[in-house]
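The values are calculated or read from the model by the stated rules, or taken from the named source; none is laboratory data. These numbers were taken from a predicted model, which means no experiment stands behind them. As a convention, Cβ positions derive from the backbone with ideal geometry for all residues, glycine included, and neighbour counts pool all protein chains shown. Just so you know, the surface numbers come from the protein's heavy atoms only, side chains and all, with ligands and any DNA or RNA stripped out. Shrake-Rupley method; radii C 1.70, N 1.55, O 1.52, S 1.80 Å.
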Amino acid sequence: MIRRAFVFFALALVFRWPTPVSAESAGQSGGELRFCLRGEPKTFNPLLVEEDASETVRYLTGGVLIRLNRQTQALEPGLAVSWKVSDEGRKISFRLRSGLHFSDGTPFTSEDVAYTVKALMDPQLHSPTGDSFRSGDGQVVVHTPSADAVIVIFPAPVAGLERLFDQVAILSAHSPKKEMAVLGPFYVADYAPGSYVLLHRNANYWKKDKEGKPLPYLDSIRLDIQRNRDIELLRFRRGEIHLISSLDADSFDRLQKESPAAAHDAGPGLDSEFIWFNQVLSAPLSDNKKTWFRSAEFRKAVSMAINRADLSRIVFGGHARPAFGPVSPANHFWFNSALSVPQYDSAGALRLLARAGFRFDGSTLRDSSGNRVEFTVITNSGNKSREQMVAMIQQDLSQIGIKVNLVTLDFPSLIERITRTYDYEACLLGLVNTDLDPNSQMNVWLSSAENHQWNPKQSKPATEWEAELDRLMRAQSSATTDKKRKADWDRVQQIVADQRPFIYLVNKDAMSAISPAVVGSAPSVLDPHAFWNAEVLRLGPDPALGAQE
């Protein structure tokens, strides 16, 4: 989905929480890790998280029943030592760890899990996290047969049910601190709006290292609120912060020249950049352009005429790979490895256009009515890489006689055009993918979905292939085995490759900056790239050291 931030929860101006009563280990101190949030956290309620800053806080503070290992992409026990999915995906049973406590000392039991699930599914709360679990009409039923056992029963099958719990931070049913009492490795100790969020080590955290030492190693994490990425990079170079979890290609290259040990490229990530044509029937476009844009042959020809290898090499400095489709190869299980590698073939594009009735006179492409083929691409202003991609696409498509224009818009104006007025011809944006599971893309591929961007909110599928996408997406979401889901999702990827409603361009690499002073880092292609294993990070001899002194 195209990520948009909305304000769901108002925060107090300033608050401070006392350190929980605990028997903190007198072992090795890990110091204070510092990095930046690129926006104000909109909520500290983990069930209401919608944007990046709040997600960072949730990841570092929330205790979850099941955790997705960001490196292996395997599910691992968290607060639950074991779990079992049954009744065709309607039921999940957990066995919980015993003797655990929240950061304020409140005991953790099955009552807390039941309380959290009921809050998560409360329609009055409008939890974005809870939306992933909504599988059908009816109530979710929670049983707590003992203090360490929980059974959750959904009204209809939920595909990939156990994976969804990686996003569900357990709340305390009894703590007076409510959502500020946590089970993760850190807790929010101080918050100054516009300035910082300070996390302290949760001495009640349940995990220990192989030698039996309590985790986390770090004493605290300071999250400075800094929207300006140039200032963020400058602060890293000065040694004022220890990591930047996500870097663009230009910043990465500059940093790599100055301090190669601090620059980390984990390889192609989940995020993609793509272009699409407006296929909304009511859009204020000429009939001839509507005909072009609704032609699969036209879309495929445009796709063939784009040199993705050049985009990857020139725009992203080699820190991107040509994109296959809606799933990156970085998503090990769900990627359809049978898809053809995207090929640059301008001659093949012209042959395909000729079969579709277009004529190329050596410099200009015209349709069967003699209209010159020309369209305008909109993208968000200030995004240099997207502007550069459009410039290169202009060059590529000029080789087959198509004239491409570029218009940049501020983001609110762009959203207005692609979601309300539909007054545009083509758009280049990106997909921020934070979830491996196909269900995370339901709001893209269902024809009735708002983010079915080329022709959203259809009352019924406009084409046979979109009807087939609807069927397959619903089938995979209710299938009871990963094998069946994989087969359906592979077919979705193949249809998208055949029809090109989105013309996928590149998968950007997951690049980060990590100070050599940070011990234990293992950058991942999955978010959060640089601090997914924060509980085992510590600072070396010079904790003030960033990329350079």
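What do you reckon, is Phe9 modelled with pLDDT of 95 or more, assigned to a loop (DSSP other than H, G, I, E, B) and open to solvent by 10 Å² or more (accessible area, probe 1.4 Å)?
When the stated conditions are applied, Phe9 does not pass them.
For Phe274, which of the numbered conditions (1) open to solvent by less than 60 Å² (accessible area, probe 1.4 Å); (2) under 21 Å from Arg34 (Cα atoms) fails to hold?
Only one criterion is unmet by Phe274, namely (2).
So, of the residues in segment 495-511 that are assigned to a strand (DSSP E or B) and more than 14 Å from His264 (Cα to Cα), which turns out to be nearest to the chain's Cα centre (by Cα)?
The residue in question is Asn507.
Looking only at residues that are of a type outside the set (S, T, N, Q) and open to solvent by 60 Å² or more (accessible area, probe 1.4 Å) in segment 98-121, which one is nearest to Ser220 (Cα to Cα)?
Filtering segment 98-121 for residues of a type outside the set (S, T, N, Q) gives 99-102, 104-105, 107-108, 111-115, 117-121.
From what is left, the residues that are open to solvent by 60 Å² or more (accessible area, probe 1.4 Å) are 99, 101, 107, 111, 115, 118.
Details: Gly99: 24, His101: 19, Pro107: 23, Glu111: 29, Tyr115: 29, Lys118: 32 Å.
Step by step, filter segment 98-121, then rank; the result is His101.
Among the residues of segment 457-506 satisfying the criterion of being in contact with a helix residue (DSSP H, G or I) (Cβ under 6 Å, 6 or more places away or on another chain) and more than 28 Å from Trp292 (Cβ to Cβ), which is surrounded by the most Cβ atoms within 10 Å (Cβ to Cβ)?
Trp489
Is one or more of the residues making up segment 352-371 within 31 Å of the chain's Cα centre (by Cα) and of a type outside the set (A, V, I, L, M, F, W, C)?
no
One line per residue, one yes/no per condition, for (1) small (Gly, Ala, Ser); (2) touching a Pro at 6+ places or on another chain (Cβ under 6 Å); (3) open to solvent by less than 40 Å² (accessible area, probe 1.4 Å):
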{"residue": "Leu281", "(1), (2), (3)": "no, no, no"}
{"residue": "Ser286", "(1), (2), (3)": "yes, no, no"}
{"residue": "Arg294", "(1), (2), (3)": "no, no, no"}
{"residue": "Arg299", "(1), (2), (3)": "no, no, yes"}
{"residue": "Val302", "(1), (2), (3)": "no, no, yes"}
{"residue": "Ala305", "(1), (2), (3)": "yes, no, yes"}
{"residue": "Leu311", "(1), (2), (3)": "no, no, yes"}
{"residue": "Phe316", "(1), (2), (3)": "no, no, yes"}
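Would you pick out the residues in segment 96-121 that are part of a loop (DSSP other than H, G, I, E, B) and in contact with a helix residue (DSSP H, G or I) (Cβ under 7 Å, 6 or more places away or on another chain)?
Correct list: Met121 only.
Return yes when Asn451 is in contact with a Pro (Cβ under 9 Å, 6 or more places away or on another chain) and open to solvent by less than 30 Å² (accessible area, probe 1.4 Å) and no when it is not.
Taking the combined requirement at face value, the residue does not satisfy it.
So, restricting to strands (runs of 3 or more DSSP E) that lie completely within segment 122-213, which ones have at least 3 residues that are among the basic types (Lys, Arg), surrounded by 15 or more Cβ atoms within 10 Å (Cβ to Cβ) and on the phi > 0 side of the Ramachandran plot?
none
May I ask you to list pairs of residues, at least six apart or on different chains, whose Cβ atoms are under 6 Å apart, with the first in segment 454-469 being assigned to a loop (DSSP other than H, G, I, E, B) and the second being of a type outside the set (Asp, Glu) and open to solvent by less than 20 Å² (accessible area, probe 1.4 Å)?
Listed pairs, sorted by first residue: Trp454/Trp276; Trp454/Gln279; Trp454/Pro501; Asn455/Gln279; Asn455/Val280; Gln458/Ser447; Pro461/Ser447; Ala462/Asn455.
Across segment 512-530, what is the total count of residues that are touching a Lys or Arg at 6+ places or on another chain (Cβ under 6 Å), among the hydrophobic types (A, V, I, L, M, F, W, C) and either outside any strand (DSSP E or B) or open to solvent by less than 10 Å² (accessible area, probe 1.4 Å) (or both)?
The qualifying residues number 1.
Which residues, taken from segment 234-284, are hydrophobic (A, V, I, L, M, F, W, C) and in a strand (DSSP E or B)? Step through it out loud before you land on a result.
The first filter runs over segment 234-284 and keeps only residues hydrophobic (A, V, I, L, M, F, W, C), leaving 234, 236, 241, 243-244, 247, 249, 252, 255, 261-263, 266, 270, 274-277, 280-281, 283.
Hits for segment 234-284 are Leu243, Ile244, Ala263, Ala266, Leu270, Phe274, Ile275, Trp276, Phe277.
Looking at Gly39, is it assigned to a loop (DSSP other than H, G, I, E, B), surrounded by fewer than 18 Cβ atoms within 10 Å (Cβ to Cβ), of a type in the set (Gly, Ala, Ser) and modelled with pLDDT under 95? Talk me through it step by step, then tell me what you get.
Details: assigned to a loop (DSSP other than H, G, I, E, B): yes; surrounded by fewer than 18 Cβ atoms within 10 Å (Cβ to Cβ): yes; of a type in the set (Gly, Ala, Ser): yes; modelled with pLDDT under 95: yes.
The answer is yes for Gly39.
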